[in-house]
Amino acid sequence: MDDHEQLFSSPVGSLEKGNPAAIPARLEGARRLILRYGWNATAYQILNPGIERWFSESEDAVIGYVSYHGHRVVAGSPVCALERLPAVIEEFETQARQKRQRICYFAADERLAEVLARRGPWDRLLLGAQPVWNPEGWPGILRTKASLRGQLNRARNKGLKISRLSHREAQERRDLRPCLKEWLATRGLPPLHFLVEPETLDRLWDRRVFVAELDDQPVGFLVLTPVPCRRGYLVEQNIRGTGAPNGTTESLLHGAMEYAAHQGANYLTLGLCPLSQRAALDRPSQRWWLELALGWLRAHGRRFYNFDGLDAYKAKFLPQAWEPIYAITSDRRVGLGTLWAIAGVFGKMSPARLAARALGRALLQEARWLRKGPRS
């Protein structure tokens, strides 16, 4: 058993001794805290490039965020001991006020929402829901889902093979990057960042990588990211290249589920489904114009991002629960300023410029389809 397979028996300990590569000191400090206190599904993602990391004065808490348009947009929740959460929020909020910045916790869960609700009039927006499984229940899902078994069989009959790579193998496999490039080219939006950062292969560390190969050539890969304090994982990426047969992403998820169950994990999520209405709870009240805008986006924005398609894809794996996910802001109400800041951190540019690039990308794709003709 290698050091990384001791993740759940020792959140820090021996895992850190097996550090697969030299990590800059500040990143290593954040990593240690994540492995000890990481609860939110996005906790490990604050190590991704482009995210700034704030440490508490006592160095026992870390928060990942990006500043834009007078806001600190936080990636998930503060990473610290639960009993320290109110004090850490206060310290972070005080510093933000001194810099005349407001705070928005993006992809916050119920635990943080409850703490902030006790502190005052923080407003929240229901972003959607994330599906969760106990990997031990995966065989039962397969038995009841004939269509899923069919997809796995199709891929297997095509000769698709799934294997887990060591960290060294994954970092040396330059042929994984063309799969990522092909997948990004099929997206309706330009490459986004923040909590959907595509460049994770250079910062694997405690992540697991599964590769799908056809005739010894990679046609897809999956990145499994630890959620240490929930004894589980986030499927951060599930990438399918243009040469991948039907059933590739399902086969990669199947391999990840089996691995997680073997490691004793009891939590696995595919991450946020934006605008999903599957979380069974009373939605927080929102402004009429915001409800109208989100409804329009869900119905008509699929040319750029297929919200309903993503929701249906994740739902077909029969998750055992759906967790509500929020954006929670220190503004009196979630408004245009908050939404502008969120869009800015994901696009790493002005939202207006991002929209223009997305429109240009869509027109270019339409032109390609026209050139291929009706048969394509």
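The values are calculated or read from the model by the stated rules, or taken from the named source; none is laboratory data. Since this is a predicted model, take the numbers as computed values, not measurements. No Cβ is skipped: glycine too gets one built from the backbone with ideal geometry, and neighbour counts run over all protein chains shown. Keep in mind that these areas ignore ligands, DNA and RNA; they rest on the heavy atoms of the full protein, side chains included. Shrake-Rupley method; radii C 1.70, N 1.55, O 1.52, S 1.80 Å.
From the phi of every residue in the range 56-64, what ³J(HN,Hα) in whole Hz does the Karplus formula 6.51 cos²θ - 1.76 cosθ + 1.60 yield, where θ is phi - 60° and glycine or proline is x?
5, 4, 8, 6, 10, 8, 9, 10, x
Can you list residues whose amide H is under 5 Å from residue 349's amide H, if they're 5+ apart or on another chain and H is modeled 1.01 Å from N?
HN-HN under 5 Å from residue 349: empty list.
Could you order peptides 308-316, 220-228, 206-214 by the average number of other Cβ atoms within 10 Å of their residues, highest first?
Working: 308-316: 15.9, 220-228: 24.8, 206-214: 22.3.
Ranked by mean Cβ neighbours within 10 Å, highest first: 220-228, 206-214, 308-316.
How far is it, in nm, from the label point at residue 158 to the one at residue 242 when both lie 7 Å from their Cα along the line to the Cβ?
Reported label-point gap for residue 158 and residue 242 is 1.5 nm.
Taking amide H positions as placed in the peptide plane 1.01 Å from N, state which residues far from residue 267 in sequence (5 or more) or on other chains have amide H under 5 Å from it.
Hits under the 5 Å cutoff: 233.
Two decimals, Cα atoms only, Kirkwood Rh: what is Rg/Rh over the range 22-127? If you can, show how the numbers build up before the last one.
Working: Rg = 13.0 Å, Rh = 13.9 Å.
Checking Rg against Rh, the ratio lands at 0.93.
Need one number: nm distance between label points at residue 110 and residue 185, each 7 Å from Cα along Cα→Cβ, rounded to one decimal.
The modelled label-to-label distance comes out at 4.4 nm.
Show me, for the range 235-245, the HN-Hα J-couplings you get by feeding each phi into the Karplus relation (A = 6.51, B = -1.76, C = 1.60, θ = phi - 60°), rounded to Hz, glycine and proline as x.
Values, residue by residue: 7, 6, 9, 9, 9, 10, x, 5, x, 7, x Hz.
How far, in nm, would the chain grow between residue 306 and residue 172 when pulled straight, counting 0.36 nm per residue and subtracting the alpha carbon separation?
Working: separation 134, 0.36 × 134 = 48.24 nm, distance 3.32 nm.
Result for the pair: 44.9 nm of gain on full extension.
Under a Cβ-Cβ cut-off of 13 Å, what is the net charge of the residues other than residue 243 that fall near it, where Lys and Arg count +1 and Asp and Glu count -1? Could you put the intermediate results ahead of the total?
Details: positive: 158, 181, 240; negative: 175, 182, 213, 215, 216.
Result for the local shell: -2.
Could you go through the range 112-129 in sequence order and give the Karplus-derived ³J(HN,Hα) for each residue, using 6.51 cos²θ - 1.76 cosθ + 1.60 with θ = phi - 60°, rounded to whole Hz, and x for Gly and Pro?
Computed from phi, the couplings for the range 112-129 are 5, 4, 5, 5, 5, 4, 7, 8, x, x, 6, 8, 9, 10, 6, 7, x, 8 Hz.
Please work out the FRET efficiency for the pair residue 320 and residue 55, using the Cβ-Cβ distance as r and a Förster radius of 22 Å; give the result to the nearest 0.05. Show your work: numbers first, answer last.
Numbers: r = 35 Å, r/R0 = 1.61.
Efficiency for this residue pair is about 0.05.
Is the range 124-218 best put as rounded, prolate or oblate by its Cα gyration tensor, with a ≥ b ≥ c the root eigenvalues, rounded for a/c under 1.5, and otherwise prolate when a/b is larger than b/c, oblate when not? Please list the in-between numbers first.
On the way: a/c = 1.56, a/b = 1.07, b/c = 1.45.
Verdict is oblate for the range 124-218.
Please give, to one decimal in nm, the separation of the simple spin-label points placed at residue 100 and residue 149, each 7 Å out from Cα toward the Cβ.
Each label point lies 7 Å from its Cα, and together they span 6.5 nm.
How large, in percent, is the carbon and sulfur part of the accessible surface of the range 59-121 at a probe radius of 1.4 Å?
Numbers: 1350 of 2710 Å².
For the range 59-121, the apolar C and S fraction of the accessible surface comes to 50 percent.
Over the range 19-58, give the accessible area per residue in Å² for a 1.4 Å probe, as an integer.
Working: 1630 Å² over 40 residues.
Per-residue accessible area for the range 19-58 comes out at 41 Å².
Please list the non-local residues whose amide H lies under 5 Å from the amide H of residue 38, H modeled 1.01 Å from N, same-chain partners needing a gap of 5 or more.
Amide H neighbours of residue 38: 229.
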